[in-house]
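See structure below.
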Amino acid sequence: MKIINLLPKHRQKELYYGWILHYLFSIIWISILSFAFVILFQIAAKISLQNKLRTVESNIVELKKQVNKQDNTTIKQQIKNANDIISDYVNITNSSPKWSKMIQAFVVLPPKNVFISSFIINPNTKMATISGSGETREAVLELYNAIKADEKNFYNVDFPLQHLLKPQNVSFQFTFYVKDELIK
């Protein structure tokens, strides 16, 4: 079926423009209503959040009143004691030397056939004394040379030559000093 419009051209344009104007007004009204809805929703959310804020603030005030009562002196004393213990622990840990860096630096030095049986460190003088045994004289010398070569971490290695008299199953004991950076 074919539709034929018998209206004059200027009347056809008026109808077309009227149709466009009708849809423009519809779009404008929908936009206005949606903006109004969004604004009303935001206002309602703001009012709701302000009411919750007032409720939370009043709860905080009540809790502060309860905390400040004389009945809570035992709890305050327990908290103070716990804080004192924690501060003592922090002070002790800060004042005691940290050995993990020093142990990490030393553990890579001994060769496979050298066994360390004793490792003693004086934290005041930073002197380390190690004793142990090696399968061969060369293995013990290799340990000595490794510690002596690690000048970044250790210094002043004292190794008595009397420990090298036996060629096999060599018992040894020698001392060296640890640099300050390793125990901080």
Structure-based [θ]222 nm, the chain - -39500 (n - 2.57) summed over DSSP H runs of at least 4, per residue, nearest 500: -20000 deg cm²/dmol
Please work out the Cα convex hull volume for the stretch 1-96 and give it in Å³ per residue. 281
How far apart, in nm, are two points set 7 Å out from the Cα along the Cα-to-Cβ line at E138 and at E57? 8.4
First obtain the Kirkwood hydrodynamic radius of the chain from its Cα pairs, then insert it into the Stokes-Einstein equation at 4 °C and 1.567 mPa s, and state the resulting D in µm² per second as a whole number. 50
For the stretch 100-183, Kirkwood radius (reciprocal of mean inverse C-alpha pair distance, Å): 12.8
Going from the fewest other Cβ atoms within 10 Å to the most, one would list R137, R11 as R11, R137
Mean-square fluctuation maximum in Gaussian network of the chain, Cα pairs under 10 Å, restricted to A139, A149, A45, hits A45
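Read the figures in this text as sums done on the coordinates, not as results from a lab. Bear in mind that the values here come from a model prediction, so they are computed numbers and not experimental data. Virtual Cβ from ideal backbone geometry, glycine too; neighbours counted across all protein chains shown.
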